[in-house]
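In what follows, a single structure is set out as structure tokens and then discussed.
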Amino acid sequence: MEPDLSGVWYVLEGEPGEHLVVEALGRRLSGVWTEEALAQGFLAHHPHLGMRVSPLGSRALKEAFLRALGLLGVEAVLVDYRPGAHRARVVEVGDLLKEVQNA
């Protein structure tokens, strides 16, 4: 079952404008979680990141987040990624931005 992206998103943030960005398989990726516990679980495996979990509940916040990722050169987000998992749903930033704008 696909995660529902219509509700609150949970993202990792550091200082203002600082978001989790990883490079894998030649792509720049970030993460979005649909449950706070999943985001906290990821963060518990990576405490060295020095980040916190923040909710994005409104369309405006989601759009601002996606635009910031675009400025950082992020191509796609991993949805509900769990440490150690070999697969995760990947959604292109542009596709997700269109979905948010049309919600």
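Values quoted throughout were computed directly from the atomic coordinates according to the rules given, and no laboratory measurement underlies them. Predicted, not measured: the structure shown is a model, and the values here were computed from it.
Structure data summary
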{"item": "Structure-derived semi-axes √(5λ) of the Cα gyration tensor in Å: which label, when the choices are (i) 21, 18, 13; (ii) 44, 14, 11; (iii) 19, 15, 15", "result": "(iii)"}
{"item": "The stretch 70-82 - phi-based ³J(HN,Hα) in whole Hz, Karplus 6.51/-1.76/1.60, Gly and Pro as x", "result": "x, 5, 7, x, 6, 8, 8, 10, 8, 9, 6, 5, 10"}
{"item": "For Tyr81, residues with placed amide H under 5 Å, excluding near neighbours", "result": "Val32"}
{"item": "Sequence-separation-based contact order of the chain, relative, with Cα cut under 8 Å and 6+ spacing, percent", "result": "30 percent"}
{"item": "Karplus-derived HN-Hα couplings along the stretch 97-103 (A = 6.51, B = -1.76, C = 1.60, θ = phi - 60°), whole Hz, x at Gly and Pro", "result": "4, 4, 4, 5, 5, 8, 6"}
